[in-house]
Amino acid sequence: MTSGSGRNNPHDATACRSFPERRYRKPPVIEALCEVYFADSAWDGTVPGVFYERIKMDYPRKQQKRIQQAQIAVGPDQAMAGVRQLPSWMQFVSDEKHRMIQLAENLVVVNQLAPYTHFEDWEPEIYRAFELYREVAHPKSVVRLGMRYINRVVIPAETFRMEEYFTIYPALPKVLGNTYRSFLVQVDSHREGQNHVILITFGTAPPPEQTQLAHAFVLDFYDILEDQCLDAERFRKEVERAHENIVAVFEASITDRLRCLFEEEPIQ
């Protein structure tokens, strides 16, 4: 693969303006998630059980995720390393294993795994988990909202120019030429007129196992809002805004040639 000149595709301005109407038969999303961080919850060992009883019809599979944290202490005479066991998370998974709710003290996460369809299909589960956590854990506030979309993009070509498919990619100095084997680019930026921060991560990924005549990339968008709010109506608006931000940046990061690989559906 080769890097490009850095010029944006002229069609992408229109794409960004019309992003709500775009749908794809083969969306590249491998995981979408929404995480809500609370403060000062009335948490105890009974909360996960009460929460599970309310959702077990749709999320019958439950499992515990143990979290460990590495610790290193350096003193004047010696260095010590160890592992600290953090409070575990509970995971509640649907029978189809394409959707999951994760629960911990001051945290609830709703995961939508592949196959991904549309935001409207899993959006109600975000509000459901949010309301249920408020009912069973009685937090005093929300302190952070995060929405993330992880995309895996496969280009079925041995060589190509990056600007043919993407508007975001690393630019190399001329002394290195215009080819490279791997890269990782990460940028965060405020959305104008909002308190939301968008973190964009773009990098190479292992190619499909069945062929080496292709290249794979991870295109990861993470919208973050740090604000104290527990009002359900405002929470819904901020979730919608976070999703709109991600869609807008996604559409502005790709070209029409890449949209063809995703098989864009005609506007009804």
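Computed from backbone phi with θ = phi - 60° and the Karplus coefficients 6.51, -1.76 and 1.60, the 3J(HN,Hα) list for the stretch 107-116 is 7, 9, 10, 10, 10, 10, 9, 5, x, 8 Hz; x is used for glycine and proline.
Ranked by how many other Cβ atoms sit within 10 Å of their own Cβ, fewest first, the residues V247, V50 fall in the order V50, V247. One Cα centroid belongs to the stretch 219-268, the other to the stretch 144-208; the line between them spans 16 Å.
Spin-label model, R54/D188: points 7 Å from Cα along the beta carbon direction are separated by 3.1 nm.
Full extension from H118 to R144: what is 0.36 nm times the residue separation minus their Cα-Cα distance, to one decimal in nm?
7.0 nm
Extending 7 Å from Cα along the Cβ direction at D227 and again at E135 yields two label points whose distance is 2.6 nm.
What does the charge count around G49 come to, taking other residues whose C-beta lies under 13 Å from its C-beta (Lys +1, Arg +1, Asp -1, Glu -1)? Here the charged neighbours net out to +1.
What's the extension gain from A42 to V197 if we count 0.36 nm per residue and subtract their Cα-Cα distance? Please list the in-between numbers first.
Details: separation 155, 0.36 × 155 = 55.80 nm, distance 2.92 nm.
Between A42 and V197, full extension yields an extra 52.9 nm.
Expressed as a fraction of 2.2 N^0.38 Å, the C-alpha radius of gyration for the stretch 146-268 is 1.24. Charge tally for L33 (other residues, Cβ to Cβ under 13 Å; Lys, Arg +1; Asp, Glu -1): -4. Distances between placed amide hydrogens fall under 5 Å for F160 paired with T2, all partners being 5 or more residues away or on another chain. In order along the stretch 94-106, phi translates into HN-Hα couplings of 6, 4, 6, 6, 9, 9, 8, 10, 10, 9, 8, 4, 6 Hz, rounded to whole numbers, per the Karplus curve 6.51 cos²θ - 1.76 cosθ + 1.60 with θ = phi - 60° and x for Gly and Pro.
Since every read-out is calculated from the coordinates, none of them should be taken as a lab result. Computed from a predicted structure; not experimentally measured. All Cβ positions, glycine included, derive from the backbone under ideal geometry; neighbour counts span all protein chains shown.
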